[in-house]
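Below: the structure, in structure tokens.
FYI, it's all coordinate maths here, none of it is from the lab. Everything numeric in this text was worked out from a predicted model, so none of it was measured. Neighbour counts run over all protein chains shown; Cβ positions are idealised from the backbone, glycine included.
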Amino acid sequence: MDSSCHYLDIFYSIGERDQAYQEPAQLREFNADLEGYKKTMGQQIEQTNKKLAEQLQTIHRLNRDKDRMDQEIFELEEGGRAILDLVQPVLPSQHDSRSIAKRLKDVLEWLKTFWEKKSTRG
């Protein structure tokens, strides 16, 4: 009985030894796979960051364009209201003693001043 236990111990020892030799090789293989995955993920993250930066620049540019267009619309509306105020009395019961020609001349003067101010602001 004693010798059979000894053989079993040797058998298990050989199996454990073989497994111990295989484990580092498997670990190195797993490590290599993980390093490859890490490298791939790093490249994907870098590409994603570049795309995000480009998209942020596009968003900033679009916002700037929108703000500029909003400002231009506001100024045109302001100019339109001013022209209406010059040409048409605020209330129908009001009377403007100036002739239509004089009021239109005032509109031209106002427009000239408006565009001069606008061009100096940029």
(request) Please order LEU62, LEU104 by the number of other Cβ within 10 Å, starting at the fewest. (result) LEU62, LEU104
(request) Report the FRET efficiency, 1/(1 + (r/R0)^6), for ALA101 and ARG64, where r is their Cβ-Cβ distance and R0 is 41 Å, rounded to 0.05. (result) 0.45
(message) Modelling each spin label as a point 7 Å along the Cα-to-Cβ direction, I'd like the GLU46/LEU34 distance in nm, to one decimal.
(response) 2.2 nm
(message) To make sure I understand the rule: partners must be lysines, Cα under 29 Å from the Cα of LYS50, and not fewer than 8 residues away in the same chain. Which ones qualify?
(response) LYS38, LYS39, LYS66
(request) Describe numerically, in nm with one decimal, the distance between label points set 7 Å from Cα along Cα→Cβ at LEU27 and at PHE114. (result) 8.1 nm
